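The structure appears below as structure tokens.
The values are calculated or read from the model by the stated rules, or taken from the named source; none is laboratory data. Computed from a predicted structure; not experimentally measured. Positions of Cβ are backbone-derived with ideal geometry, glycine not excepted, and every protein chain shown enters the neighbour counts.
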Amino acid sequence: PKRPLIFAIESSCDETAAAIVDGEGNLLADVVASQIDFHSRFGGVVPEIASRKHIEAICGVCEECFSVAAGNLGRTGLSWSDMDAVSVTYAPGLVGALVVGVAFAKGAAWAAGKPFIGVNHLEGHLYANKIGATDVEPPMVASLVSGGNTLLVHVRGWGDYRVLGSTIDDAVGEAFDKVAKALGLGYPGGPVISKFAAKGDPSAIAFPRAMMHSGDLRFSLSGLKTAVVSHINAERAAGREPNVPDIAASFQQAVIDVQVAKSAAALDETGAPLFCLGGGVAANPALRAAYEKMCSERSVRLIMPPLRSCGDNAGMIALVALDRYRDGRFFGLDADARARTDL
Ligand code: KG4
């Protein structure tokens, strides 16, 4: 394989993940262990459970990562000593979850005598676009839509980011999760809402398009969530069962209309020739289709991460770390996890 070989760990929320990337940006292994089954009965991620499950999973996930990469290289085995650096997500996320990955990665880097690299999770979601298309290069506008974040970013260069706008309250994924909860559909809400939405009428209920004409690139999702909950309550009060497919489709369309309109405005403002997506919500089929339409109308190139790379994964972290390695930008072993950080 082409050097350097970079090992990456991701544990910012409810996925324990490890990946190895080579010097050409090829993912030699990309392992994700989801904890969703342990959280779904609580209707959301329970931080304490997340930390414990990361501790239980992390050794096995790293071992599997080495064994998959060795298989791909036709070798009998690989270990920390074969790596050129060890990297990890250090922020933002659940601090108790991050700490597990950070402590583990520091220990591995120290024991093997390898450089240690901390990676910003949000930057990872931007780099996830390289997994599907290795030739992706800024300038571009990116939309990061996950359970914790809703951002429009002007990527002027790798490492050179300007946040154009973000949500003033709930994140997009959070809105999907809250609407699913209100409909009794469980956690996480995104995948189940999008399945029902495919069978419903997106124009059945006129939910609000908040901040559509605010003249800036900020978002607000909490009013939409409240409107959906009020609609459900009104239906029940009138003795009707809420029409789940129509509610899901109409809610999803309200989200998509605002996301796509503001993204188009960001493209106009920056003149960027490329648009990228990232985060768990980027797996939404209707959202992806709406972006395909908007970008083709504007002759803007659209790159979206492969479906499995939209949510949290370590492959995207490894790709950021590869750039950091090339620039010689390493972290000290005194570096720590942080709940919050900007791009
Ligand atoms: O990026 P991610 O895995 O975790 C972080 O929040 O960092 O994103 C998870 C979020 C959840 O809120 C989930 O409901 C949402 O992404 N999501 C979706 C879809 N798949 C996952 N939202 C809408 N449509 C989907 N198909």
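How many residues are more than 13 Å from the ligand (Cβ to nearest atom), among the β-branched types (V, I, T) and within 19 Å of A264 (Cα to Cα) if we restrict to region 117-162?
Qualifying residue count for the region: 3.
In the list V192, V244, V229, which residue meets the criterion of being within 14 Å of the ligand (Cβ to nearest atom), out of contact with any strand residue (DSSP E or B) (no Cβ under 9 Å at 6 or more places or on another chain) and under 27 Å from D37 (Cα atoms)?
V192
Could you please let me know if A272 is part of a helix (DSSP H, G or I) and either at pLDDT below 95 or not polar (S, T, N, Q) (or both)?
No.
What residue, of A290, A264, A321, is part of a helix (DSSP H, G or I), out of contact with any Leu (no Cβ under 6 Å at 6 or more places or on another chain) and within 16 Å of the ligand (Cβ to nearest atom)?
Among A290, A264, A321, only A290 is part of a helix (DSSP H, G or I), out of contact with any Leu (no Cβ under 6 Å at 6 or more places or on another chain) and within 16 Å of the ligand (Cβ to nearest atom).
Kindly indicate whether any position in region 219-231 is part of a loop (DSSP other than H, G, I, E, B) and surrounded by fewer than 20 Cβ atoms within 10 Å (Cβ to Cβ).
yes
What number of residues within region 259-284 satisfy the criterion of being surrounded by 22 or more Cβ atoms within 10 Å (Cβ to Cβ) and either of a type in the set (V, I, T) or over 19 Å from G173 (Cβ atoms) (or both)?
Summing the residues that are surrounded by 22 or more Cβ atoms within 10 Å (Cβ to Cβ) and either of a type in the set (V, I, T) or over 19 Å from G173 (Cβ atoms) (or both) in region 259-284 gives 2.
Every residue, every condition in (1) assigned by TED's automatic domain parsing to the domain that holds G315; (2) touching a strand residue (DSSP E or B) at 6+ places or on another chain (Cβ under 7 Å); (3) among the basic types (K, R); (4) assigned to a helix (DSSP H, G or I), yes or no:
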{"residue": "H54", "(1), (2), (3), (4)": "yes, yes, no, yes"}
{"residue": "I58", "(1), (2), (3), (4)": "yes, yes, no, yes"}
{"residue": "C62", "(1), (2), (3), (4)": "yes, yes, no, yes"}
{"residue": "S67", "(1), (2), (3), (4)": "yes, no, no, yes"}
{"residue": "L78", "(1), (2), (3), (4)": "yes, no, no, no"}
{"residue": "S81", "(1), (2), (3), (4)": "yes, no, no, yes"}
{"residue": "Y90", "(1), (2), (3), (4)": "yes, yes, no, no"}
{"residue": "A103", "(1), (2), (3), (4)": "yes, no, no, yes"}
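Quick one: would you say S166 is within 17 Å of L144 (Cα to Cα) and either within 15 Å of the ligand (Cβ to nearest atom) or small (G, A, S) (or both)?
On the way: within 17 Å of L144 (Cα to Cα): yes; either within 15 Å of the ligand (Cβ to nearest atom) or small (G, A, S) (or both): yes.
It is true that S166 is within 17 Å of L144 (Cα to Cα) and either within 15 Å of the ligand (Cβ to nearest atom) or small (G, A, S) (or both).
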